[in-house]
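The values are calculated or read from the model by the stated rules, or taken from the named source; none is laboratory data. Values in this document were obtained by computation on a predicted structure and should not be read as measured data. Please note: Cβ atoms are built from the backbone with ideal geometry, for glycine as well, and neighbour counts cover all protein chains shown.
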Amino acid sequence: MNLDHPNLSSDAKDLLVRMLNKDVKTRIAPENIKAHKFFKTINFYKLVRKEVKPPFIPERSDINPLINVSSSFLDDKIKNTGSSSIKMKSLHLDNFTILPGDSVEEGSLPNILKH
């Protein structure tokens, strides 16, 4: 997995690699994510209670929804790094269902039905 990007810290890269690990046995467990060194400066108790002042308040623009996205990300080229078709198992998300047999072709979206 290539996560070389100037805006990603080594801690961020490490967390992403651990979260995106295909092997569920070695992937970081959800209950351990908040304990990762990437979040060492976050007081989750205060965060939940809304006692933390945000370090950055993004600008809002209805005209340009990408106003706060770095041009270094916008200029990145999209590369097909895997199979052109990914078969999915049945997946339930609140208010959405991805049906077995749906596939994601390059440049298309899966068949998502709203409940």
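Observations
- Being acidic (Asp, Glu) and modelled with pLDDT under 75 holds for only one residue in ASP102, ASP11, and it is ASP102.
- Pairs linking a residue in segment 58-77 that is free of Cβ contacts under 8 Å to residues at least 24 places away in the same chain to a residue that is of a type in the set (Asp, Glu) and exposed (fewer than 10 other Cβ atoms within 10 Å of the Cβ), with Cβ atoms under 9 Å and 6 or more positions apart or on different chains, are ILE67/GLU59; ASN68/GLU59.
Residue-wise test of (1) at positive phi; (2) under 19 Å from the mean Cα position of the chain (by Cα); (3) not assigned by TED's automatic domain parsing to the domain that holds LEU3.
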residue	(1), (2), (3)
ARG18	no, yes, no
ILE33	no, yes, no
HIS36	no, yes, no
LYS40	no, no, no
LYS53	no, no, no
ILE63	no, no, yes
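- Every residue from segment 26-82 that is closer than 24 Å to SER10 by Cα and among the aromatic types (Phe, Trp, Tyr): PHE38, PHE39, PHE44, PHE56, PHE73
- Subset of segment 26-51 (residues that are in a loop (DSSP other than H, G, I, E, B) and closer than 24 Å to LEU16 by Cα): THR26, ARG27, ILE28, ALA29, ILE33, LYS34, ALA35, HIS36, LYS40, THR41, ILE42, ASN43
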